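Q: Sharing a structure here in structure tokens format.
The values are calculated or read from the model by the stated rules, or taken from the named source; none is laboratory data. All figures in this text were calculated on a predicted structure; none of them were measured in a lab. Reconstructed Cβ throughout: ideal geometry from the backbone, glycine too, with neighbour counts over all protein chains shown.
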Amino acid sequence: MASFSPLVAILNQKKLTGYNYVDWKKNLDIVLIAEKHKYVLSQPFPNFPSLNAPLEEKQRYDRWQKSNEMTKCYILASISNVLQHQMQDVELALDIMLSLKEMFGE
């Protein structure tokens, strides 16, 4: 039987349902910091590297894309089914967070 990560347990404790936005965001921040993905919520989306771009630029782009996808997964897994349905097609984790903040933020 597979065991869940303690980080997933943190997110499962307080799924976002609306009025618990502040507590939910604190827990999400803990997970994103621990997993080193939080930067995608503050750094701009990188341009797609050209074919002759340096390897470092391509790797930076790939890392950002992976972190964005992981952040989206953590967010979607930790919100209600109704919110998941509304946000599932949003491409950037930052855009999901901005929408949720508009709906439930202080």
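Q: Can you list residue pairs whose Cβ atoms sit under 6 Å apart, with the first residue in the range 76-90 being within 14 Å of Lys101 (Cα to Cα) and the second being at pLDDT 95 or above? Count only pairs 6 or more apart in sequence or on different chains.
A: Met87/Ile96
Q: Which one of these does Pro46 not meet: (1) within 16 Å of Lys14 (Cβ to Cβ); (2) touching a Lys or Arg at 6+ places or on another chain (Cβ under 7 Å); (3) free of Cβ contacts under 8 Å to residues at least 24 places away in the same chain?
A: (1)
Q: Find the residue count for the range 87-97, including only residues that are in a helix (DSSP H, G or I) and either at pLDDT below 95 or under 10 Å from the mean Cα position of the chain (by Cα) (or both).
A: 5
Q: Looking for whichever is closer than 18 Å to Ile96 by Cα, modelled with pLDDT under 95 and touching a strand residue (DSSP E or B) at 6+ places or on another chain (Cβ under 8 Å) here; the options are Lys15, Lys26. Which one fits?
A: Only one candidate passes the filter, namely Lys15.
Q: Which condition number does Leu51 fail, the rest of (1) among the hydrophobic types (A, V, I, L, M, F, W, C); (2) in contact with a strand residue (DSSP E or B) (Cβ under 8 Å, 6 or more places away or on another chain); (3) not in a helix (DSSP H, G or I) being met?
A: In the conditions (1) among the hydrophobic types (A, V, I, L, M, F, W, C); (2) in contact with a strand residue (DSSP E or B) (Cβ under 8 Å, 6 or more places away or on another chain); (3) not in a helix (DSSP H, G or I), Leu51 misses (2) alone.
Q: Search the range 6-34 for residues that are within 19 Å of Asn81 (Cα to Cα) and pair each with any residue that is at pLDDT below 90 and among the hydrophobic types (A, V, I, L, M, F, W, C) when their beta-carbon atoms are under 7 Å apart and the residues are at least 6 apart or on different chains.
A: Short answer, once both residue conditions are applied: Asn27/Ile10; Asn27/Leu11; Leu28/Leu11.
Q: Hey, another quick one. If you check Ser67 against the conditions, is it among the polar types (S, T, N, Q) and closer than 23 Å to Phe104 by Cβ?
A: no
Matching residues to (1) modelled with pLDDT of 90 or more; (2) farther than 21 Å from Ala9 by Cβ; (3) exposed (fewer than 14 other Cβ atoms within 10 Å of the Cβ):
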residue: Lys38; (1), (2), (3): yes, no, no
residue: Ser50; (1), (2), (3): yes, yes, yes
residue: Asp62; (1), (2), (3): yes, yes, yes
residue: Asn68; (1), (2), (3): yes, yes, no
